[in-house]
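Here's the structure, in structure tokens; my notes come after.
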Amino acid sequence: MVLGELSGSISRALQKMNNETVIDEKALNDCLNEITRALLKADVHFDLVKNLKINIKKIVNLDDLAAGHNKRRIIQQAIFNELCKMLDTGKPSFMPKKGKTSVIMFVGLQGSGKTTSCTKYAHYHQKKGFKPALVFADTFRAGAFDYYMESDPVKIAIEGVERFNKENCDLIIIDTSGRHQQEASLFEEMRQLAESTKPDLVIFVMDSSIGQAAFSQAQAFNRSVSVGAVTVTKTEGAAKGGGALSAVAATKSPVIFLGTGEHMYEFEVFDIKPFVSRLLG
Ligand code: GDP
């Protein structure tokens, strides 16, 4: 289900409730059931949806609402707040500072948009006055070593970080491999890379169209390296919204950027409220 359709379903559910003359337990349940269905179809992890429903029911106690209060608005607000809370980890991610060297490592499956996001991230910071450098430690990518014979990603990363440190780059971005013959080898490689380069921040890159797989994928990366932030790619057009919520829950890290296209400048700073507003239509 695309984000647009999700918005449609949720706003339809709320609209339906708006049309009810009496907002009682049944109307609330019907509405929550529809919203639940919409979120599940949008690949939001089952447990998250279940919790959202429980929380809304706790917050919205119809009997307690004083007569005359706008109950529909209260319910809408509660849904909005709960979705925001699901995306708000309460701790901001590491922010690189100009003039002080930061090492940022990007992880994610092949095709997730990792390399694209690395360059967008570099470009974004360059515009802000940083001096970024990109270390390409993806030795699995075909043709990556036509001109450079080193094939040990850990060595490449260590050398790259050292070299760019000497060159006074204040933002050293490490692009990593997204596949391996064996899945376990990929995660072991990520662990070794993080151990040897000691990144200030590991950013997990997730393709917004991976659906229910978002939770386990994010969790798997987070188990081998400590993920500190999430970037969700391909969010323009037919992108699903649910995965972002799952990645946040699995890594307990905030989404910081959205990829909104293939071009360098199609990169947005993530902002919870507009994202949730868009989700709710
Ligand atoms: P990697 O294997 O994870 O490094 O992925 P790449 O960066 O090579 O990207 C895989 C494909 O996704 C490429 O065709 C990119 O142009 C495309 N891509 C990456 N980010 C976005 C995005 O935000 N929107 C769209 N539409 N395409 C993207």
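Below is a table of values for the structure above.
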{"quantity": "Any hit, the range 135-145, residues being in a helix (DSSP H, G or I) and away from the ligand (no atom under 12 Å from the Cβ)", "calculated": "no"}
{"quantity": "Where a residue in the range 82-104 is at positive phi and its partner, wherever it lies, is buried (at least 17 other Cβ atoms within 10 Å of the Cβ) and at pLDDT 95 or above, with Cβ under 8 Å and at least six apart", "calculated": "99/170"}
{"quantity": "Top-ranked residue in the range 172-186 [being hydrophobic (A, V, I, L, M, F, W, C) and out of contact with any Lys or Arg (no Cβ under 7 Å at 6 or more places or on another chain); ranked as surrounded by the fewest Cβ atoms within 10 Å (Cβ to Cβ)]", "calculated": "184"}
{"quantity": "Hey, residue 173 at pLDDT below 95, touching a Leu at 6+ places or on another chain (Cβ under 9 Å) and more than 11 Å from the ligand (Cβ to nearest atom) or not", "calculated": "no"}
{"quantity": "Criterion violated by residue 194 - all others in (1) part of a helix (DSSP H, G or I); (2) touching a Phe, Trp or Tyr at 6+ places or on another chain (Cβ under 8 Å); (3) closer than 21 Å to residue 119 by Cα satisfied", "calculated": "(2)"}
{"quantity": "Among the residues listed as 244, 250, 218, the single one being more than 16 Å from the ligand (Cβ to nearest atom), under 23 Å from residue 95 (Cβ atoms) and touching a helix residue (DSSP H, G or I) at 6+ places or on another chain (Cβ under 9 Å)", "calculated": "250"}
{"quantity": "Enumeration of residues in the range 253-263 that are more than 9 Å from the ligand (Cβ to nearest atom) and either modelled with pLDDT under 95 or under 21 Å from residue 216 (Cβ atoms) (or both)", "calculated": "253, 254, 255"}
{"quantity": "Any hit, the range 109-116, residues being touching a strand residue (DSSP E or B) at 6+ places or on another chain (Cβ under 8 Å) and more than 13 Å from the ligand (Cβ to nearest atom)", "calculated": "no"}
{"quantity": "Only one of 214, 229 that is at pLDDT 95 or above and either under 12 Å from the mean Cα position of the chain (by Cα) or among the aromatic types (Phe, Trp, Tyr) (or both)", "calculated": "229"}
{"quantity": "Checking residue 280 against (1) more than 16 Å from the ligand (Cβ to nearest atom); (2) in contact with a Phe, Trp or Tyr (Cβ under 7 Å, 6 or more places away or on another chain); (3) at pLDDT 95 or above, the condition it does not meet", "calculated": "(3)"}
{"quantity": "Residue among 83, 134 that alone is modelled with pLDDT of 95 or more and among the hydrophobic types (A, V, I, L, M, F, W, C)", "calculated": "134"}
{"quantity": "The range 18-69 - residue that is under 27 Å from residue 209 (Cβ atoms) and acidic (Asp, Glu) and, of those, modelled with the lowest pLDDT", "calculated": "43"}
{"quantity": "Cβ-Cβ under 9 Å pairs, at least 6 apart or on other chains, the range 257-268 side without any contact (Cβ under 8 Å) to a residue 60 or more places away in the chain, far side within 6 Å of the ligand (Cβ to nearest atom) and part of a strand (DSSP E or B)", "calculated": "258/233; 260/233; 268/259"}
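The values are calculated or read from the model by the stated rules, or taken from the named source; none is laboratory data. Predicted model, so just to flag it, every value in this text is computed and none were measured. Using ideal geometry, Cβ is built from the backbone for each residue, glycine included, and neighbour counts are taken over all protein chains shown.
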